[in-house]
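Throughout, read-outs are computed from the coordinates displayed, never taken from laboratory work. Computed from a predicted model, the values in this text were never measured in an experiment. Counting neighbours? That spans all protein chains shown, and the Cβs are built from the backbone with ideal geometry, glycine included.
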Amino acid sequence: MKKCKYEHWIDGYLLDRLKPEDQAAFEEHYFICPHCFAKLDQQSEIVQILRKEGVLGDPGEACEHVHRPPSLWRRILARLGLKR
């Protein structure tokens, strides 16, 4: 599937870290973009699991664990059965 120019906003959107105007633009976009919609859905599940496990705080809350090395993401995706 072709990469979308808005894809880089997905993590920021899920972690409530986009500027208000970027958030509004992304919300308008992802409903019409099957790539972003699917990726948002997939990553949303990961963020929910990380919040449940205490790795991420609630949206807007400062959290020292947000910027983890890629190896953590690989381990999480492997545990979920999603290979990158």
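Taking other Cβ atoms within 10 Å as a rough exposure proxy, Arg51, Arg79 sort from fewest to most as Arg79, Arg51.
Relative to the current alpha-carbon distance between Ala25 and Ser44, full extension at 0.36 nm per residue lengthens the span by 5.0 nm.
Modelled spin-label separation between Glu53 and Phe37, with each label point placed 7 Å from Cα along the Cα-to-Cβ direction: 2.9 nm.
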